[in-house]
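**Student:** One structure, as structure tokens, below. Some questions next.
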Amino acid sequence: MVSLLDIAPLQESVSVNGATVDVVGIGARGIVSLLQRFPALQKLTTGTFDATALWEAAPDAIAAIIAAGVGKIGDRETEESIDRLPLGAQMDLLVAIMKLTMPNGFGPFVDQFDRIVGAGVTARIQVNSSPKLSNS
């Protein structure tokens, strides 16, 4: 029989600028820490988020999420290093971390969360919609 110690943490290797970076999914403690630090992210699950606030928080939030995914949650030095990476490298890391954090995607995660807390979260958000970009 396999124990949790045998499978946790799941990790993925991501190639960044010719080097390999191992990332892991973010657990409950890390998610709560990120949501407390970035209220704009927390509002994604309530349907009351402010798009402007989300865009303003995005660079810092992305760096913080990646830092958490490399085991350095809240480490400012790591976040500053992540800020210096090209956007493509940041996205490669972020996609791998999110896949490990929510392997079935954001929508199913919200559905499960809703079943646990019974707060009607899924009724208030559209999990498959993307923000409309201006043509100007």
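**Student:** Among the residues of the stretch 59-79, how many are out of contact with any helix residue (DSSP H, G or I) (no Cβ under 8 Å at 6 or more places or on another chain) and part of a helix (DSSP H, G or I)? First the steps, then the outcome.
**Tutor:** Taking the stretch 59-79 and keeping what is out of contact with any helix residue (DSSP H, G or I) (no Cβ under 8 Å at 6 or more places or on another chain), we get 71, 76-77.
This time we only want the ones that are part of a helix (DSSP H, G or I), so: 76-77.
Residues meeting the conditions: 2.
**Student:** For the stretch 15-26: of the residues being under 16 Å from the mean Cα position of the chain (by Cα) and of a type in the set (V, I, T), which is surrounded by the fewest Cβ atoms within 10 Å (Cβ to Cβ)?
**Tutor:** Looking at the filtered set, the residue picked out is V24.
**Student:** Next question. Is there a residue in the stretch 39-54 that is modelled with pLDDT of 85 or more and part of a loop (DSSP other than H, G, I, E, B)?
**Tutor:** no
Yes/no per residue for (1) modelled with pLDDT of 95 or more; (2) over 14 Å from the mean Cα position of the chain (by Cα):
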residue: A8; (1), (2): no, yes
residue: A28; (1), (2): no, no
residue: V32; (1), (2): no, no
residue: R37; (1), (2): no, no
residue: E56; (1), (2): no, yes
residue: E77; (1), (2): yes, yes
residue: S81; (1), (2): yes, yes
residue: A89; (1), (2): yes, yes
residue: D92; (1), (2): yes, no
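**Student:** With respect to I73, is the statement that it is among the aliphatic types (A, V, I, L, M), under 29 Å from A8 (Cβ atoms), modelled with pLDDT of 80 or more and touching a Ser or Thr at 6+ places or on another chain (Cβ under 7 Å) true?
**Tutor:** Working: among the aliphatic types (A, V, I, L, M): yes; under 29 Å from A8 (Cβ atoms): yes; modelled with pLDDT of 80 or more: yes; touching a Ser or Thr at 6+ places or on another chain (Cβ under 7 Å): yes.
In short, yes.
**Student:** Given the conditions (1) of a type outside the set (S, T, N, Q); (2) touching a residue at least 12 places away in the same chain (Cβ under 8 Å); (3) assigned to a helix (DSSP H, G or I); (4) surrounded by fewer than 18 Cβ atoms within 10 Å (Cβ to Cβ), and given that V95 satisfies all but one, which numbered condition is not satisfied?
**Tutor:** Checking V95 against (1) of a type outside the set (S, T, N, Q); (2) touching a residue at least 12 places away in the same chain (Cβ under 8 Å); (3) assigned to a helix (DSSP H, G or I); (4) surrounded by fewer than 18 Cβ atoms within 10 Å (Cβ to Cβ), the one that fails is (2).
The values are calculated or read from the model by the stated rules, or taken from the named source; none is laboratory data. This one's a predicted model, so the numbers in the text were calculated from it and none came from an experiment. Cβ sites come from the backbone with ideal geometry, for glycine too, and all protein chains shown count toward neighbours.
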